[in-house]
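S.K.: Pasting a structure here, questions to come.
The values are calculated or read from the model by the stated rules, or taken from the named source; none is laboratory data. Given the structure is predicted, the values throughout are model-derived calculations rather than measurements. Note: ideal-geometry Cβ built from the backbone for every residue, glycine included; neighbour counts use all protein chains shown.
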Amino acid sequence: MTGPLKEEKKVSVNSSSGTTILCIDDDHDILTLLEKILIGAGYAVITASNGKQGLRETLTRKPDLILLDIVMPDMDGYEVCKKIKDKEETKNIPIIFITAKKEDEDEAKGLKIGAVDYIRKPFYPPIIKSRIRTQLDLKLKTDMLERLVSIDGLTNIYNRRKFDETLKLEWKRAMRNNSPLSLIMSDIDHFKGYNDHYGHTTGDDCLRRVSQEMKNLLQRPADLLARYGGEEFAVILPETDYNGAIYISTILLNGIEDLNISYPHSPIAGHVTISIGVVTSIPGKNCDTPLQLIEIADSMLYVAKQNGRNQIQGKDLSFTGK
């Protein structure tokens, strides 16, 4: 080894594959060699010279694959791997250990804590490229499978399964951070009448147009839109207070009106409209479970319907308590 580096980050973005690989090693010569090999193979490369920096890059850049040394000062590769695998947003990133450690027990330990492969130094460049290609192919297939089970087939937005998983995740995160979590439940007004009059083919097209418009209007990556069932859509808004949730709800309400999808038989307007129920809570303090949050948002949606539809009704539990 040439000795530890000062903390240093280098990003090479000339990628022909659209794939980003993060290399974490305290040996400058190894990082330089890996960077040369990977750029030559068409990958974008990020390098980090210690474990803490590698963790930061993992969280902010979300690389497609990580090459990780084991023996590093302050935080070794095993600890880095554990921390990456413990976080929901990074746990599926494949990690390949590249190390001078030669004992079988070291390899077994690395694989046990979540690494997908283990390459010993000094390494042969074609082996590195082959192992990376294999793991990226596996990840692509896994991601495609995850998409198949998480996406609603009609609207191409997230489905109820993904909604339930994400709400539980965001609930736990909000509890840890003592932060607000908002939920929107929305429903297309008098959609049964629309379906009965125009037929299910036109009804399906309406669902697609409404869901796509809602998706386009939601700008923050952390917000999740899902088809909750039938003509009902749900939006999870992490770290969003009540005023923010009402603001986003208003954008959605007006956006669907502006689509001007013709519905002359609607009792409300000559076009398709939606009703919205909103709830904001600080999980664990003024709302006990994710299910309770859903029930309250649904009750607010019911109030919006009872009061004439095409409107927003909400409840701020973070302010009023239970």
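S.K.: Take the residues in region 219-247 that are farther than 19 Å from ARG208 by Cα and small (Gly, Ala, Ser); name whichever of them is surrounded by the most Cβ atoms within 10 Å (Cβ to Cβ).
M.R.: ALA245
Yes or no, residue by residue, for (1) surrounded by 15 or more Cβ atoms within 10 Å (Cβ to Cβ); (2) aromatic (Phe, Trp, Tyr):
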residue: LEU65; (1), (2): yes, no
residue: LEU68; (1), (2): yes, no
residue: ASP74; (1), (2): no, no
residue: GLU79; (1), (2): yes, no
residue: LYS82; (1), (2): no, no
residue: GLU88; (1), (2): no, no
residue: PHE97; (1), (2): yes, yes
residue: LYS101; (1), (2): yes, no
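S.K.: Collect the residues in region 119-178 that are outside any helix (DSSP H, G or I) and in contact with a strand residue (DSSP E or B) (Cβ under 7 Å, 6 or more places away or on another chain), keeping them in residue-number order.
M.R.: Passing the criteria: ILE119, ARG120, LYS121, PHE123, ILE151, ASP152, THR155, ILE157, TYR158, ASN159.
S.K.: Output the qualifying pairs, or none if there are none: Cβ atoms under 6 angstrom, residues six or more apart or on different chains, first residue in region 100-115 and touching a residue at least 40 places away in the same chain (Cβ under 8 Å), second residue among the β-branched types (Val, Ile, Thr).
M.R.: Close Cβ pairs satisfying both conditions: ALA115/ILE95.
S.K.: Here's something else I'd like to know. Quick check on ILE37: is it in a helix (DSSP H, G or I) and touching a Pro at 6+ places or on another chain (Cβ under 8 Å)? Steps first, please.
M.R.: Working: in a helix (DSSP H, G or I): yes; touching a Pro at 6+ places or on another chain (Cβ under 8 Å): yes.
Answer is yes for this residue.
S.K.: Name the residue, out of LYS109, LYS172, that is in contact with a helix residue (DSSP H, G or I) (Cβ under 7 Å, 6 or more places away or on another chain), over 30 Å from GLY270 (Cβ atoms) and among the charged types (D, E, K, R). Please lay out each step first, then the result.
M.R.: On the way: LYS172 fails: in contact with a helix residue (DSSP H, G or I) (Cβ under 7 Å, 6 or more places away or on another chain).
None of the others qualify; the one that does is LYS109.
S.K.: What are the pairs, 6+ residues apart or on separate chains, where a residue within region 189-200 that is at pLDDT below 95 has its Cβ under 6 Å from a residue that is surrounded by 15 or more Cβ atoms within 10 Å (Cβ to Cβ) and of a type in the set (Phe, Trp, Tyr)?
M.R.: Partner pairs satisfying both residue conditions: none exist.
S.K.: A follow-up question, please. Mind checking which residues of region 204-221 are part of a loop (DSSP other than H, G, I, E, B) and in contact with a strand residue (DSSP E or B) (Cβ under 7 Å, 6 or more places away or on another chain)? Steps first, answer last, please.
M.R.: Narrowing region 204-221 to residues part of a loop (DSSP other than H, G, I, E, B): 218-221.
Matches in region 204-221: LEU218 only.
S.K.: Here is a further query. Kindly establish whether LEU259 is in contact with a helix residue (DSSP H, G or I) (Cβ under 6 Å, 6 or more places away or on another chain), at pLDDT 95 or above and not acidic (Asp, Glu).
M.R.: Judged against the criteria, LEU259 is a match.
S.K.: Please state which one of GLU257, GLU295 is closer than 30 Å to ASN177 by Cα and either touching a residue at least 24 places away in the same chain (Cβ under 8 Å) or assigned to a helix (DSSP H, G or I) (or both).
M.R.: Answer to the check: GLU295.
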